[in-house]
Amino acid sequence: MSKWFVKYRYSDQARLRIFCFPYAGGSASAFTGWQDYFDDNIDLFAIQAPGRETRFKENPIEDLPIKVDLLFKEIHPFVNIPYIFVGHSNGALIAFELARKLQKNKNFYLKHIFLSAKRAPHLPELKPPSYNLPYDDFIEELKTFSTIPSEIINDPKMMEVFIPMLRADFGLGAKHVFDQKQKLGTGATLFWGQEDADAPKEDVIAWQKHIVGNVNSIGFNGGHFFIHDEKEKFISEIRNVVTAVINSEKMEII
């Protein structure tokens with residue numbers, strides 16, 4: 001069994017499989033309990049990259065193409081049925097690049113992709129990269145992230161464990177050179193937070209430039225981490241698409 005996935009639900013009888021990609025500094029546990037919102041014939045996997053939780057002793061990956069290549073090899077046995085990608089923030093970029101690699105290699109089972117709280121990758125950065133800041137400055141940057149408890153940020157021993165993973169995650173997007181040639185051929189939904197200064201609405205909607213297929217956009221209350229603050233609505237929107245995909249697959253079988 002692959003270490004790259006936490007399988008919150010996995011069945012040989014699944015009609016559809018959902019893969020969830022967490023934000024920078026996040027892990028598979030960000031999606032704990034999500035399987036309870038879906039029918040039993042819907043699998044739910046969460047990505048567990050090196051450097052966190054059960055894989056904290058492994059070196060985190062700093063290079064996005066390397067991470068995508070490794071994921072591509074590991075995900076291969078599980079993308080033989082219709083599937084959906086859900087990526088939030090940094091996870092959206094990873095999901096998108098993996099989806100493009102799968103389609104380039106003739107896998108066309110991807111039925112939809114959710115790109116959440118992430119600016120389109122062709123846009124210039126809004127501010128200088130933070131992954132290479134000196135320690136004290138990097139800590140100050142981390143304090144702006146509401147998902148990192150203050151007791152962890154203020155504990156130097158704890159941060160010795162977390163900082164390499166966080167620097168690697170922040171560097172993935174900052175150092176990535178985006179190739180605009182290949183468009184992704186699938187339906188997509190773009191999520192944005194109404195108070196998210198890091199990924200404003202117009203920058204998230206700009207993803208549609210790289211997608212061939214129907215693209216919807218949906219706004220949420222709150223800032224960058226509406227995936228938690230607006231969890232019920234977030235999952236509800238995914239459920240709507242899952243239902244539509246399942247119904248569409250039934251029509252094709254008929």
Discussion item. Checking a compactness column here: for the chain, what do you get for Rg(Cα) / (2.2 N^0.38 Å), N being the number of residues?
Written reply: 0.97
Worksheet item: Can you list, bin by bin at 10 Å, the percent of alpha carbon pairs in segment 88-207, starting at 0?
Response: 11, 38, 31, 16, 3
Fill in: Structure-based [θ]222 nm, the chain - -39500 (n - 2.57) summed over DSSP H runs of at least 4, per residue, nearest 500
-11000 deg cm²/dmol
Practice prompt. With a cut-off of 14 Å, note down the residues of segment 155-196 whose backbone N falls inside the zone around a label point 7 Å from the Cα of L133 toward its beta carbon.
Written response: 163, 166-168, 170-171
Worksheet entry | Partner lysines for K181 [C-alpha distance under 30 Å; skip if fewer than 8 residues away on the same chain] | K67, K73, K101, K104, K106, K111, K118, K127, K201, K209
Response to the item:
Long-range share for segment 71-131, i.e. C-alpha pairs more than 20 Å apart as a percent of all pairs, stands at 31 percent
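Could you grab the Rg to Rh ratio for segment 25-91? Cα atoms only, Kirkwood for Rh. Could the numbers behind the result be given before it?
Numbers: Rg = 13.1 Å, Rh = 13.6 Å.
With Rh from the inverse mean 1/r over Cα pairs, Rg/Rh is 0.97.
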Worksheet entry | Two-site label geometry, S2 and K175: point separation in nm, points 7 Å out along Cα→Cβ | 2.3 nm
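What's the FRET efficiency of Y10 with E53 using the Cβ-Cβ distance as r and R₀ = 22 Å, to the nearest 0.05?
Numbers: r = 18 Å, r/R0 = 0.83.
It comes to 0.75.
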Response to the item:
One would report the Cα pair-distance distribution of segment 161-205, bin width 10 Å, in %, as 20, 31, 42, 7
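Between E151 and E232, 0.36 nm times their residue separation minus their Cα-Cα distance comes to what?
Working: separation 81, 0.36 × 81 = 29.16 nm, distance 2.76 nm.
Full extension from E151 to E232 adds 26.4 nm.
For segment 177-254, rounded, prolate or oblate, judged on the Cα gyration tensor with a ≥ b ≥ c (square roots of eigenvalues), a/c < 1.5 rounded, else prolate if a/b > b/c? Could you put the intermediate results ahead of the total?
On the way: a/c = 3.12, a/b = 1.24, b/c = 2.52.
Judged from the Cα gyration tensor, segment 177-254 comes out oblate (a/c at least 1.5, b/c at or above a/b).
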Worksheet item: Between E249 and D63, what is the label-to-label distance in nm when each label sits 7 Å out along the Cα-to-Cβ direction?
Response: 3.5 nm
Item to complete: Could you compute the FRET efficiency for I205 and E140, with r as their C-beta to C-beta distance and R0 at 30 Å, rounded to 0.05?
Response: 0.45
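Compute the FRET efficiency between N214 and M158 as 1/(1 + (r/R0)^6), taking r as their Cβ-Cβ distance and R0 = 45 Å, and round to the nearest 0.05. Working shown, then result.
On the way: r = 44 Å, r/R0 = 0.98.
Step by step, r from the Cβ atoms, then E = 0.55.
The numbers here are math on the coordinates, done by the rules we state, and not lab data. Since we're looking at a predicted model, the values are computed, not measured. We place every Cβ from the backbone using ideal geometry, glycine too, and count neighbours over all the protein chains shown.
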